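J.: I'd like to ask some things about the structure below.
The values are calculated or read from the model by the stated rules, or taken from the named source; none is laboratory data. Here the structure is a predicted model, which means the values were calculated and not measured. Glycine also receives a Cβ, built like all others from the backbone with ideal geometry; neighbour counts cover every protein chain displayed. Note: areas computed on protein heavy atoms with side chains; ligands, DNA, RNA excluded. Shrake-Rupley method; radii C 1.70, N 1.55, O 1.52, S 1.80 Å.
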Amino acid sequence: MATVNRVNSNNNINVVDASQLSQQDFVSAVYLERGNMLDSEVRRLVGEIETSNQLLGNVNTLINKSNIAQYGTSQYTQTTWTTNGNNIVLDNGYGLAIQPDANGKTTFTLVDAEGNQLNYQNQTLIPVAKDSITDTSQVGIPVMNDMTMVLDDGTEITFKTSAPGTPFDPSNLSGGLADITGITITRGNQGLTVTDLNTAKPVIGTPNLNGTTLDSGSNDGYVLLEAGGLHSWEYDGVNTNQMTRKDPNDPNVTLSGYAARKLAFQNSFTNEVTGGMPVLTKEERDILSNLLKINYTDASGKGQLTPEEWGSLKTSLNNAKENLTGSNQLQTVQLQRAMASYNQNFDAMSNSQSRIYSLLKDIINNSK
């Protein structure tokens, strides 16, 4: 049997012999065989998407390592950040604007060079793409515990939080939200703090060269990575917009959106982004060579890349990330089509059976 759409005589597909079956059984067998083929296709696409997502997570981890290698150990001889009233100007087009809100507390907006934003209001971080309007329930990141946002240039912005006003209740996913009381910003040995953010009069410190001390003295908590702009963030290799969690009240239900993110960040978490020069593990070197097919320079031969080598590798990693993201989107569309065909085949089989039984019923009634 010739191969057609990856199906051949070795795919456990039984060829129907129409001469050995009644018309009813023949029709049923055809639908069942087609269903088996579509089921195999669905499973194949699901496997490819899982592999793609895993690789994307590996690439994001490596990009973060390259940022740390290039910027995390930077030793400034003088500060490059400035403050102007309630505005903080960072490197590479990033800036932080702090404003009082109507509740006697403070909100802020983090912006990048392209005009994308990360807004803080109502105990929620809201990523916003340039010139767009967003739905908080769809993209909002709930503030529940200490959290660090790592920018694309390696800057770490750590949010210190208060205890939640109302404890998180898993029975109805309510409560658990907390105020951001302070911000610690570090990049290498450069640092700056903002305190009293839960009041109407926040205190903005002066940029200085004690970033290493500030970083080690603050809990990084949950670490999120900027994914190509302040409007897009990833946690544990998954974009926050695509995070899912099992419903604690029904293990058969998968939650997404704001509810899933509340479940992800509900517990206090002690964590520290490791400083120093990162190293490529053997597993990561195998992934680069065998799966991603990325050529890179490693003069040490042991994964101990220099900052320049990490910078060169990052260019290839960004290209790989773009390709994987595009492939993932295409695979998702293909999976949706395969699932639609699978469901249509099932519906058609059910309708066919219903019509046959109806016809047989009419024949029997007419013969009486």
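J.: Do we have any residue at all in region 148-166 that's in contact (Cβ under 8 Å) with a residue 40 or more places away in the chain, in contact with a helix residue (DSSP H, G or I) (Cβ under 6 Å, 6 or more places away or on another chain), over 27 Å from ASP91 (Cα atoms) and not hydroxyl-bearing (Ser, Thr, Tyr)?
T.: Looking for residues that are in contact (Cβ under 8 Å) with a residue 40 or more places away in the chain, in contact with a helix residue (DSSP H, G or I) (Cβ under 6 Å, 6 or more places away or on another chain), over 27 Å from ASP91 (Cα atoms) and not hydroxyl-bearing (Ser, Thr, Tyr), one finds none in region 148-166, hence no.
Condition check ((1) buried (at least 17 other Cβ atoms within 10 Å of the Cβ); (2) within 31 Å of the chain's Cα centre (by Cα)) across all residues:
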| residue | (1), (2) |
| --- | --- |
| ASN67 | yes, yes |
| GLN78 | no, no |
| THR82 | no, no |
| GLN99 | no, yes |
| ALA102 | no, no |
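Residue-by-condition table, conditions (1) at pLDDT 75 or above; (2) closer than 30 Å to ILE204 by Cβ:
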position: MET1; (1), (2): no, no
position: SER9; (1), (2): no, no
position: VAL16; (1), (2): no, no
position: SER22; (1), (2): no, no
position: GLU41; (1), (2): yes, no
position: GLN54; (1), (2): yes, no
position: ASN64; (1), (2): yes, yes
position: ASN67; (1), (2): yes, yes
position: GLN70; (1), (2): yes, yes
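J.: I would also like to ask the following. Among the residues of region 125-135, is any touching a Leu at 6+ places or on another chain (Cβ under 8 Å), among the β-branched types (Val, Ile, Thr) and modelled with pLDDT under 95? Write out each step before concluding.
T.: Initially, region 125-135 is screened for residues touching a Leu at 6+ places or on another chain (Cβ under 8 Å), giving 125-128.
If we keep only those that are among the β-branched types (Val, Ile, Thr) as well, we get 126, 128.
Cutting the leftovers down to modelled with pLDDT under 95 gives us none.
Among the residues of region 125-135, not one is touching a Leu at 6+ places or on another chain (Cβ under 8 Å), among the β-branched types (Val, Ile, Thr) and modelled with pLDDT under 95, which makes the answer no.
J.: Also, quick follow-up: Which one of these is under 30 Å from ASN290 (Cα atoms) and without any contact (Cβ under 8 Å) to a residue 60 or more places away in the chain: GLY85, GLY47, GLY57, GLY95? Step through it out loud before you land on a result.
T.: Details: GLY85 fails: under 30 Å from ASN290 (Cα atoms); GLY57 fails: without any contact (Cβ under 8 Å) to a residue 60 or more places away in the chain; GLY95 fails: under 30 Å from ASN290 (Cα atoms).
Sole residue among the options that is under 30 Å from ASN290 (Cα atoms) and without any contact (Cβ under 8 Å) to a residue 60 or more places away in the chain: GLY47.
J.: Quick one: in region 84-97, of everything that is under 16 Å from MET149 (Cβ atoms) and either in contact with a helix residue (DSSP H, G or I) (Cβ under 6 Å, 6 or more places away or on another chain) or among the small types (Gly, Ala, Ser) (or both), which residue is least open to solvent (accessible area, probe 1.4 Å)? Give the steps one after another, and end with the answer.
T.: First, pick out the residues of region 84-97 that are under 16 Å from MET149 (Cβ atoms): 88, 90-97.
Then keep just the ones that are either in contact with a helix residue (DSSP H, G or I) (Cβ under 6 Å, 6 or more places away or on another chain) or among the small types (Gly, Ala, Ser) (or both); that gives 93, 95, 97.
Numbers: GLY93: 44, GLY95: 12, ALA97: 28 Å².
Taking the candidates together, the pick is GLY95.
J.: Next question. I'm trying to understand the selection: among the residues of region 168-188, which are in a loop (DSSP other than H, G, I, E, B) and without any contact (Cβ under 8 Å) to a residue 24 or more places away in the chain? I'd like the intermediate steps shown before the answer.
T.: The first filter runs over region 168-188 and keeps only residues in a loop (DSSP other than H, G, I, E, B), leaving 168, 170-173, 175-179, 188.
Scanning region 168-188 gives ASN172, GLY175.
J.: Scan region 287-309 and report the pairs whose first residue is under 21 Å from LYS321 (Cβ atoms) and whose second residue is assigned to a loop (DSSP other than H, G, I, E, B) and open to solvent by 50 Å² or more (accessible area, probe 1.4 Å), with Cβ atoms within less than 6 Å and a gap of 6+ or a chain change.
T.: Listed by first residue and then by second, the contacts come to GLY303/VAL279; GLU309/THR297.
J.: Still on this model: Go through region 189-204 and count every residue that is open to solvent by less than 20 Å² (accessible area, probe 1.4 Å) and in a loop (DSSP other than H, G, I, E, B). Steps first, answer last, please.
T.: Here is the first cut: in region 189-204, the ones open to solvent by less than 20 Å² (accessible area, probe 1.4 Å) are 189-192, 194, 197.
Subsequent filtering for residues that are in a loop (DSSP other than H, G, I, E, B) retains 189, 197.
So the answer is 2.
J.: Right, here's the next one. Within region 127-149, track down each residue that is open to solvent by 10 Å² or more (accessible area, probe 1.4 Å) and aliphatic (A, V, I, L, M).
T.: VAL128, ALA129, ILE133, VAL139
J.: Suppose the filter is of a type in the set (Val, Ile, Thr) and closer than 30 Å to LEU173 by Cα; does VAL279 pass it?
T.: Details: of a type in the set (Val, Ile, Thr): yes; closer than 30 Å to LEU173 by Cα: no.
Judged against the criteria, VAL279 is not a match.
J.: Do you know which residues across region 72-98 are at pLDDT 85 or above and assigned to a helix (DSSP H, G or I)?
T.: None; the set is empty.
J.: Mind listing whichever residues of region 102-116 are free of Cβ contacts under 8 Å to residues at least 24 places away in the same chain and closer than 12 Å to THR199 by Cα?
T.: Passing the criteria: ALA102, ASN103, THR107.
J.: Here's another thing I want to ask about it. Against the condition hydroxyl-bearing (Ser, Thr, Tyr) and either at pLDDT 95 or above or within 18 Å of the chain's Cα centre (by Cα) (or both), how does THR155 come out, does it pass? Full working, then the answer.
T.: Working: hydroxyl-bearing (Ser, Thr, Tyr): yes; either at pLDDT 95 or above or within 18 Å of the chain's Cα centre (by Cα) (or both): no.
So THR155 fails the test.
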